[in-house]
Amino acid sequence: MPTLRLVGRPFEGFENALKRQMDAFAETTDADVTFERDHRPLPEIHEDLLATGDIADGTYDLFLCLSDWLPMVAEAGYVHPLDGYLSRDPPDDWPDGWAESLRDLMAYDGTTYGIPYHDGPEIFHYREDCFEDVAEQRAFREAYGRPLSVPRTWDEFLEVADFFTRPEEDLWGTVVAAKPDGHNDVYDFAIQLWSRGGRLLDDDGTPAFDSPEGREALQYYHDLIHDHEVVPSEAVEMESVEAGQFYADGKAAMMWNWSGFGAMAERPDSAVFGHTNYGLIPRGDAPDGEHTSLTVCYGLTVPAGSDHPDLAYDFVRHAASPESDRITTLEGASGTRFSTWRDREIRRSNQFYSMLEAVNTGPVNTLPQIPAYTELNEILNEMVDAVVVEQSKSVEAGLADAADRASDLLD
């Protein structure tokens, strides 16, 4: 009896959805198959499996791969190319059933290595009950001389965050996931940078983040936590799921975070059930400022060392079906198919799905799709850690040191 072993990050939405999808596959496939799942924190997956190449040593048959890592694992030959399988036996509606932006994240150098499994571009989340309360509106106008409204710029965001920061009531203006795990801390810096008109790399692939926009972005992120104190101090130890739960527990008035965390906020047991809404992430106040978003995704891939690559692909195809993608959403993750995003029942219970197609088919940003991105990401992670978490470097020194290291890496 073959056993397919999967490795991926721990997240209740993934774990519950995968169990249902694996159970359904075992019941319907001709193969007598069992499954094992290994859910590890992202830094552990990177350090123990990707940096060593052990992801391809035959231990695993399925890898729920973060798109940040896809160029590196593809270039290194750690995962099987899927084009042959996709030409012979594609999932229903492949490729047009998925946004091009997501398909591109699971491809490298013209070859597809994974099928999108979970996606949720970053969007703005806010508590309608806070913004629509008449007493709050009156108090805000008296304090700031303008109406209380959903912020469209980072200056407006700071005013609103300051207004709603009330530690004595266990309420904060916002929450961020600043834990130095190489993910949301880096993504937050990138969003702050892009929304001010800055770039991580220029057209020649040269580091471009040590710039006026970069300095403003990193300073703003630092100051939210340490100077303005509109973020709980424990945010430096929070990863994205914990930040999403913090918001769902009614402890923050606003946040920018993955759209999928709207599912937490819209559960009936959430403290903000029925009171959360969504919009565009604020933009920089300068003329080059723009509303921006970031999309990454998790895709199902087949490690090169798998003893059962054909069977593993059969499961990937099964998990990409309309029914399975819907299960991914219903269990608290975020499906990736147009059919799920357009599903009326899904939209009734998850308002944020009304935004997914527009964001993912618009000018959404992605991280640099280069094999060296994992190393570049770690440089950016260490920069944010030093400046924002440890506060051992100034903004200027942190950016300059990171830019020098990134230039050496990419030369």
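Checked against (1) at pLDDT 95 or above; (2) open to solvent by 30 Å² or more (accessible area, probe 1.4 Å); (3) assigned to a helix (DSSP H, G or I), residue 179 passes all but condition (3). Residues that are in contact (Cβ under 8 Å) with a residue 60 or more places away in the chain, of a type in the set (Gly, Ala, Ser) and more than 19 Å from residue 68 (Cα to Cα) within the range 374-406 comprise 398, 400, 403, listed in sequence order. So which residues in the range 228-275 are under 13 Å from residue 127 (Cβ atoms), at pLDDT 95 or above and surrounded by 16 or more Cβ atoms within 10 Å (Cβ to Cβ)? Selection gives 246, 247, 248, 250, 251, 252, 253, 254, 255, 270, 272, 275. Residues in the range 305-352 that are among the acidic types (Asp, Glu) and closer than 28 Å to residue 279 by Cβ: 325, 331, 343, 345. Taking the range 318-392 as the region of interest, the helices (runs of 4 or more DSSP H) fully inside it that hold 2 or more residues being within 18 Å of the chain's Cα centre (by Cα) and not polar (S, T, N, Q) are 353-360, 373-384.
Report whether or not residue 239 is within 29 Å of residue 106 (Cβ to Cβ), within 19 Å of the chain's Cα centre (by Cα) and among the charged types (D, E, K, R). Yes; evaluated as a whole, the condition is true for this residue. Within the range 114-138, take every residue that is without any contact (Cβ under 8 Å) to a residue 12 or more places away in the chain and among the hydrophobic types (A, V, I, L, M, F, W, C) and give me the one that is most open to solvent (accessible area, probe 1.4 Å). If we take residues in the range 114-138 being without any contact (Cβ under 8 Å) to a residue 12 or more places away in the chain and among the hydrophobic types (A, V, I, L, M, F, W, C), then 134 is most open to solvent (accessible area, probe 1.4 Å). The residues of the range 1-13 that are surrounded by fewer than 19 Cβ atoms within 10 Å (Cβ to Cβ) and over 22 Å from the mean Cα position of the chain (by Cα), listed by number, are 1, 2, 3.
Filtered by the rule that a residue be outside any loop (DSSP other than H, G, I, E, B), closer than 23 Å to residue 286 by Cα and not hydroxyl-bearing (Ser, Thr, Tyr), the range 138-162 gives 154, 155, 156, 157, 158, 159, 160, 161, 162. Under 26 Å from residue 4 (Cα atoms), open to solvent by less than 10 Å² (accessible area, probe 1.4 Å), touching a helix residue (DSSP H, G or I) at 6+ places or on another chain (Cβ under 7 Å) and among the β-branched types (Val, Ile, Thr): is that true of residue 328 in this structure? For residue 328, the condition - under 26 Å from residue 4 (Cα atoms), open to solvent by less than 10 Å² (accessible area, probe 1.4 Å), touching a helix residue (DSSP H, G or I) at 6+ places or on another chain (Cβ under 7 Å) and among the β-branched types (Val, Ile, Thr) - is met. Listed here are the helices (runs of 4 or more DSSP H) enclosed by the range 14-100 that have at least 1 residues being surrounded by 22 or more Cβ atoms within 10 Å (Cβ to Cβ): 42-45, 70-75.
Residue pairs whose Cβ atoms lie under 7 Å apart, separated by 6 or more positions or on different chains, with the first residue in the range 243-269 and acidic (Asp, Glu) and the second assigned to a helix (DSSP H, G or I) and open to solvent by less than 20 Å² (accessible area, probe 1.4 Å), do not occur.
Residues in the range 95-135 that are more than 18 Å from the chain's Cα centre (by Cα) and of a type in the set (Lys, Arg): 127 alone.
Just one of (1) open to solvent by less than 10 Å² (accessible area, probe 1.4 Å); (2) free of Cβ contacts under 8 Å to residues at least 60 places away in the same chain fails for residue 337. It is (2).
Inside the range 276-308, residues that are more than 13 Å from residue 6 (Cβ to Cβ), outside any strand (DSSP E or B) and open to solvent by less than 30 Å² (accessible area, probe 1.4 Å) make up a count of 9.
The values are calculated or read from the model by the stated rules, or taken from the named source; none is laboratory data. Quantities reported herein were computed from a predicted structural model and do not represent experimental measurements. In this analysis, Cβ positions are derived from the backbone assuming ideal geometry, glycine residues included, and neighbour counts consider all displayed protein chains. Side chains included, ligands, DNA and RNA excluded: accessible areas come from the protein's heavy atoms. Shrake-Rupley method; radii C 1.70, N 1.55, O 1.52, S 1.80 Å.
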